[in-house]
Structures are given as C-alpha cells and as structure tokens.
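Engineer: The following block contains the structure, expressed as structure tokens.
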Amino acid sequence: MKCSEALPLLDLLYDQLLETKDSALVIDHLQNCVNCQDEWESMEDLKRRFKAAKKNTTMPPELVEKISLTLRRDDISTLLRTSSRQFPLVGIAASILILGWIVVPQLTSPNGEQRTQITASHLSATKLINSLTTDGAVHREPNKQLLNEKLGYEPKYIPLPEWKMESSGVYTDAANIARFDFVRNDNPNQHLSCYQAIEGTIIASGSVQNIGGKQVVLGTESGYQFAKFTQNGRDYLFVTKLPTTTLEEIIRGA
C-alpha cells in the first residue's frame, strides 16, 4: 500500500470503520512508514483534543454535535487526503484548538490542576518509548484485579525468570495500554520495560526479524533498544538500554 492510498483511510481506521482486511493493510503500512506515522499522530492529537473540548463545552449540545459530525465526515477526511501535498495538519489542528480555547473552559480537576482524558485505539512505539522518562506517564496500579478493570482486559504475562517486576500501571494517554517495569535479579542497575495492549494497538517501525518463530520489529529510539511483537492476541513492546541480544533472549523464551 502506498502513502496516497493509506492517508485517506487513517480517519476510518481511527474510528474502526474499516474492514478487517483493509485495517491490516493500513496498519502494516504504518509500521513501515515514518511519514504516515507522523500524520497518524497529528490526527490522533487533533481528534482527541476536539473530543475533549466537545465533552466539556458550554455550547448547546445540538450545535456541538453538528460541528463534530461535519468535521468528521468532511473536513478531517479532506485534510488527510491533501495534507501531505498542501496543508500541514498541525497548523489545522492549532486553528481548531484556538477556537476550542475561546468557547470551551479549560479542563480542570477539583484542585485546579489541568487534566486530559484520552483513549487511543492505536499508538506508536516512538511515543510510548519517549514517555519512559516523563513523570506521570503511567498511573501506577499494583493490584492485578484493579489493573484488569482499568485496562478492560486481562494482560497475558510472559515469563521473565531473570527479572523482578518493580511496578505496573496504565499508560496515562491511552487507557487500553499497560506498562510493566522490571529490574534484573542479579543487577538492580539493569532495567526493562514492557508495554502490553490488545493486538493491533501498538505500531512500530524498524527491521523485521524472525526470532523464536515470531515476527519481531527491532529498532532504537532515544537511546533505547526496543522489540515489538504480537502473540496470543496481545501486542508486546519491550524497551531497554541493554544490548539487543537481551531482548532477543526474552523473546525466544516467551
């Protein structure tokens, strides 16, 4: 699939309106195309912010819904088809957000702290990896039952006999992605993180290798080594600053 074919379908993929076959083709293209990944993330950010604004707007609900439907059916789809040639999507997003801040009160928690609530159907490995050092990127939840309830599904754990789990939680910007942080049993200075989500959620680009019978995407991002693969209906994204051979050993034992 080419970029010119994938871009018009991103909006439908986000809203889960594509047939299974078409979704697979678009996701496969996204995993190997950095430019389309950027477009996807820009579109996600635009839609999330507009939905948050719509949810908290002071305008009449009928007017908000009409604007939302118009944007969804016409404007956003048109922008996606033409953005790579004519309009920077980020600029359009900024214009809509300016309007949102004029007519919509800022989202605040009871203590006045700004908050956002985001639910994503797909997220790039790059964004997840870059959040590793961001404070508040994960809502910690050590209780497995409560973690399952927050995720909406039960994580499938991969045996890691040489590692001890330090923490678990839900990724702040996407309630359907879990993160588990580990430390090596014999060396507390060696760390490993694992993101887990329902199959098709995490998108990664890099070299694809067959490791232990699994198709694994390997790469580097911001000084980290990462490996992404799918198994038993789950996406796994392992991230560490250790050599790639460490990730390969984990995957072979999974």
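The values are calculated or read from the model by the stated rules, or taken from the named source; none is laboratory data. What you are looking at is a predicted structure, and each value in this text was computed from that prediction instead of being measured. Quick reminder, even Gly has a Cβ in these numbers, built from the backbone with ideal geometry, and neighbours come from all protein chains shown.
Engineer: Would you check if there is a residue in the range 152-166 being of a type in the set (Val, Ile, Thr) and either more than 26 Å from Gly253 (Cβ to Cβ) or in a helix (DSSP H, G or I) (or both)?
Structural biologist: Quick first cut of the range 152-166, residues of a type in the set (Val, Ile, Thr) only: 158.
Adding the requirement that they be either more than 26 Å from Gly253 (Cβ to Cβ) or in a helix (DSSP H, G or I) (or both) leaves none.
Looking through the range 152-166, none of the residues is of a type in the set (Val, Ile, Thr) and either more than 26 Å from Gly253 (Cβ to Cβ) or in a helix (DSSP H, G or I) (or both).
Engineer: Of all the residues that make up the range 167-226, how many are hydrophobic (A, V, I, L, M, F, W, C) and without any contact (Cβ under 8 Å) to a residue 12 or more places away in the chain?
Structural biologist: 1
Engineer: Give the residue that is surrounded by the most Cβ atoms within 10 Å (Cβ to Cβ), with candidates limited to residues of the range 199-226 that are in a strand (DSSP E or B) and out of contact with any helix residue (DSSP H, G or I) (no Cβ under 9 Å at 6 or more places or on another chain).
Structural biologist: Gln215
Engineer: Residue under question is Pro161, and the condition is that it be out of contact with any strand residue (DSSP E or B) (no Cβ under 9 Å at 6 or more places or on another chain) and loosely packed, with under 15 Cβ neighbours inside 10 Å; does it hold?
Structural biologist: yes
Engineer: Can you name the condition, by its number, that Asn176 falls short on among (1) buried (at least 17 other Cβ atoms within 10 Å of the Cβ); (2) farther than 20 Å from Ala24 by Cβ?
Structural biologist: For Asn176, the exception is condition (2).
Engineer: In the list Ser193, Ser222, Ser205, which residue meets the criterion of being out of contact with any strand residue (DSSP E or B) (no Cβ under 8 Å at 6 or more places or on another chain) and under 20 Å from Ser131 (Cβ atoms)? Step through it out loud before you land on a result.
Structural biologist: Details: Ser193 fails: out of contact with any strand residue (DSSP E or B) (no Cβ under 8 Å at 6 or more places or on another chain); Ser205 fails: out of contact with any strand residue (DSSP E or B) (no Cβ under 8 Å at 6 or more places or on another chain).
Step by step, each of Ser193, Ser222, Ser205 is checked, and only Ser222 is out of contact with any strand residue (DSSP E or B) (no Cβ under 8 Å at 6 or more places or on another chain) and under 20 Å from Ser131 (Cβ atoms).
Engineer: Can you run down the residue pairs with Cβ atoms below 9 Å, 6 or more apart or on separate chains, where the first is in the range 149-161 and in the same structural domain as Ala197 (by TED's automatic domain parsing) and within 14 Å of Leu192 (Cβ to Cβ) and the partner is at pLDDT 90 or above and in a loop (DSSP other than H, G, I, E, B)?
Structural biologist: Every condition considered, the pairs that remain are Pro161/Asn185.
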